[in-house]
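The values are calculated or read from the model by the stated rules, or taken from the named source; none is laboratory data. All figures in this text were calculated on a predicted structure; none of them were measured in a lab. Virtual Cβ from ideal backbone geometry, glycine too; neighbours counted across all protein chains shown.
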Amino acid sequence: MTRLARPAARLATGSVTVARSLGRRAAAWVARGRRADLTGWRAVLGCWLRIVLLAIGLYLLWRIVRALPALMWLFAGSWTVAAWRAGKTTAQAAVGADEEGAAEAAPVLDREAVRTLLLTLMGSGSGVHLRTVLAYLKRHPPTAALTADWTVTDLRVRLTALKVTVDRSVKVGGVPTWGVRRRDLDDPSPTTAQETSTEASTAA
């Protein structure tokens, strides 16, 4: 994503959030016009009255802007500020949800278990494609429920987080695509390497 694309995406996301928020507030205000002590059309008369007031307010706002076009700069600036702030809040909420999801997935995607699975799927070959691994995970519990909505990109991100080397040009059956090579799994895991280093330091 380019430098301009990031703020543009934030403004777009924030604009949607602000628009939905205004819509929910307007709907809630209209709904509060319903009379619980009445029945039939009399009970919803207050709702219709509030809808008419909203329509009149929007019409008057449109007439004012037509008469004073410079006000559009004020409205546009206010909307941009609100959308920018809302976009940041939405992004933070999304990051928090991703982190929570990753924390829940951690016990299932153990590095050594994943390494063993990758080697098993490779068989006697030199590598395995991520789409093959993902298809296996989606077919077998307990990973089936976890990976039901995953794409190859989702799996690649999680393997990278587990320090598993992923390459985009792994050939299996003559077809190069995202996958893992056997030679990258033959290296000792970070835990094993750390234990070996600790033992060597102790012996010295």
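Name every residue in the range 149-185 that is surrounded by fewer than 18 Cβ atoms within 10 Å (Cβ to Cβ), assigned to a strand (DSSP E or B) and basic (Lys, Arg), in order of residue number.
ARG168, LYS171
Just wondering, is there one or more residues in the range 105-115 that are at pLDDT 90 or above and either in contact with a helix residue (DSSP H, G or I) (Cβ under 6 Å, 6 or more places away or on another chain) or not in a helix (DSSP H, G or I) (or both)?
yes
Does GLY127 satisfy the condition of being out of contact with any Pro (no Cβ under 7 Å at 6 or more places or on another chain), of a type in the set (Gly, Ala, Ser), over 30 Å from VAL18 (Cβ atoms) and modelled with pLDDT under 90?
no
For the range 159-185, give me the residue count where each residue is small (Gly, Ala, Ser) and out of contact with any strand residue (DSSP E or B) (no Cβ under 6 Å at 6 or more places or on another chain).
3
I want to confirm something. Restricting to the range 109-127 and keeping residues that are small (Gly, Ala, Ser) and touching a residue at least 24 places away in the same chain (Cβ under 8 Å), which single residue is surrounded by the most Cβ atoms within 10 Å (Cβ to Cβ)?
Residue satisfying both the conditions and the ranking: GLY127.
Just checking, how many residues over the range 1-46 are of a type in the set (Lys, Arg) and part of a helix (DSSP H, G or I)?
Residues flagged as of a type in the set (Lys, Arg) and part of a helix (DSSP H, G or I) within the range 1-46 amount to 6.
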